[in-house]
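Okay, structure first, notes after.
The values are calculated or read from the model by the stated rules, or taken from the named source; none is laboratory data. Predicted, not measured: the structure shown is a model, and the values here were computed from it. Please note: Cβ atoms are built from the backbone with ideal geometry, for glycine as well, and neighbour counts cover all protein chains shown. Heads up: the accessible areas ignore ligands, DNA and RNA and are worked out on the full protein's heavy atoms, side chains in. Shrake-Rupley method; radii C 1.70, N 1.55, O 1.52, S 1.80 Å.
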Amino acid sequence: MGSRKRIVIDNEVPFVEGVFEPFAEVEYVPSDKITREVVKDADGMIIRSRTQCDASLLEGSSVKFIATDTIITSHIDLDYCSEHGIGVKNAAGCNAGGVMNYVFSALYGVASRQTINLDGDTIGIIGYGHVGSLVAQMARYLGFKVLICDPPLASVMNSGDFCSLDYLLKNSDIVTLHPTVDNETRKMADEDFFNKMKDGAMFINTSNGELVDEDALKKSIPRLGPVIIDTWGHEPNVDKELVDMVDIATAHIAGYSYQGKQNGTAICVRALARFFEYPQLYGFFPKTEIQELESIKLDLRGKTQGEIAAVIQYNYPIFTDDFIFRLDPGKFVELRSNYKYRREFYVEY
């Protein structure tokens, strides 16, 4: 694609400064300043979820490729892009490890605080994509029974763990949400959903606030076990009453690991590099410049629940995030923008 391209990049995308400069003209712009005028002569973009990419932004521009440093694409008009020959790439799966870490830090942390014995428990996982499948792997490694509800996948997966939603809700001690949001899943966790859950069952949502009817959740909390919420229905305007009612509340930071951010930027850079034919960047991955943020392998086999809780909390002390968020839930955006990325932990399955 010969001529030198112009690339507009959200200035909060990490690890990307200086990467494209040998090949293209690059402009780093705050998300709220990425306007029609700014992108008019751009060939490519790397954005985050705060930039709405639709006709009002893209009409008449020379944009041919958009990479978003997010899993979601709801901020991009995919139909418009398809009709106008604009390629789109999201960072699917980039933060799966971080979310998995959050789920088990929360699960073991709240179990320790409330003296809940997890031995023999069943984890019900709704949605078996990048995150759900990783949560299932970790759950099996730790000795949990696993149930999975993901109807589109159930027909092609040869696994007895797949079941109906009703069966999962009735038989799970812990229910964790990981589906994508669509017309079928939006507010799927409604009054009927919670009524079908076991008394005392734990509920975790690290996926998307739109999956939950928060009024129904508030009504159900008295009969549920611990409730852990990282994603909220009307972000950044969270329901402060609900914050006070749940056992762990955080500012949509479950996936905010150092490795997740590296992965997200790598996916975006590689996608743009392939589209504009910069072969030197096809294998790009950001260097870990801070040794303390290198991911760490844990060996949890044969350990007691208390030992597992202690090791996981040492590596990700989730109650710090909970405490800071509760101090002022109104600082939702600020907390996310200033979050200090944590390192991921992993195990050998």
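If you sort the three axes of the alpha carbon gyration tensor as a ≥ b ≥ c, you get a/c of 1.5 or more for the stretch 30-125 and a/b above b/c, which makes it prolate. What lysines does K287 reach when the alpha-carbon gap must be under 21 Å and sequence neighbours fewer than 8 apart in one chain are set aside? Cα-Cα hits under 21 Å: K261, K297, K340. Count charges around R50 for me, please; just the other residues with Cβ under 12 Å from its Cβ, Lys/Arg as +1, Asp/Glu as -1. For residues surrounding R50, the net value is -2. Spacing of the modelled spin labels on Y314 and Y167, each 7 Å from Cα toward Cβ, amounts to 4.0 nm.
Most simply put, the chain has about 0% antiparallel DSSP beta bridges, counting only bridges with both residues inside it.
Straight-line reach from K145: taking Cα to Cα under 12 Å and skipping same-chain neighbours fewer than 8 places apart, the aspartates and glutamates in range are D119, D121, D161, D173.
Which shape class, rounded, prolate or oblate, goes with the stretch 239-349 when its Cα gyration tensor gives a ≥ b ≥ c as root eigenvalues, a/c under 1.5 marks rounded, and past that a/b bigger than b/c marks prolate?
Working: a/c = 2.84, a/b = 1.36, b/c = 2.09.
Cα axes put the stretch 239-349 in the oblate bin.
Carbon and sulfur atoms: what percent of the 1.4 Å accessible area of the stretch 109-191 do they account for?
47
The stretch 237-260 and the stretch 120-187 have Cα centres spaced 21 Å apart. Other residues with beta-carbon under 13 Å from the beta-carbon of S74 carry, at +1 per Lys or Arg and -1 per Asp or Glu, a net charge of -3. Candidate cross-link partners of K218 among the aspartates and glutamates, defined by an alpha-carbon separation under 12 Å and a same-chain spacing of 8 or more, comprise D190, E191, D239, E241, D244. If the chain linking S56 and K187 were pulled fully straight, counting 0.36 nm for each residue of separation and taking away their Cα-Cα distance, it would gain 44.3 nm. Summarising the label geometry, the points placed 7 Å from Cα in the beta-carbon direction at Q280 and Y141 lie 3.7 nm from one another. With an a/c value of 1.5 or above and a/b larger than b/c for the gyration tensor axes a ≥ b ≥ c computed over the alpha-carbon atoms, the stretch 195-282 is described as prolate. A full extension of the chain between E37 and K303 corresponds to an added length of 89.9 nm, given 0.36 nm per residue minus the alpha carbon distance.
Could you tally the net charge around T250, taking each other residue with its Cβ under 9 Å from the Cβ of T250, Lys/Arg +1 and Asp/Glu -1? With Lys, Arg at +1 and Asp, Glu at -1, the neighbours total -3. Seen against the Cα atoms of the chain and their longest principal axis, helix 305-315 is set at about 20 degrees. Note on T304: accessible area approximately 80 square angstrom, rounded to 10, probe 1.4 Å, nucleic acids and ligands left out. So how tilted is helix 258-276 from the main axis of the chain? Cα-based, degrees 0 to 90, rounded to 10. For 258-276 against the chain, the angle is about 30 degrees.
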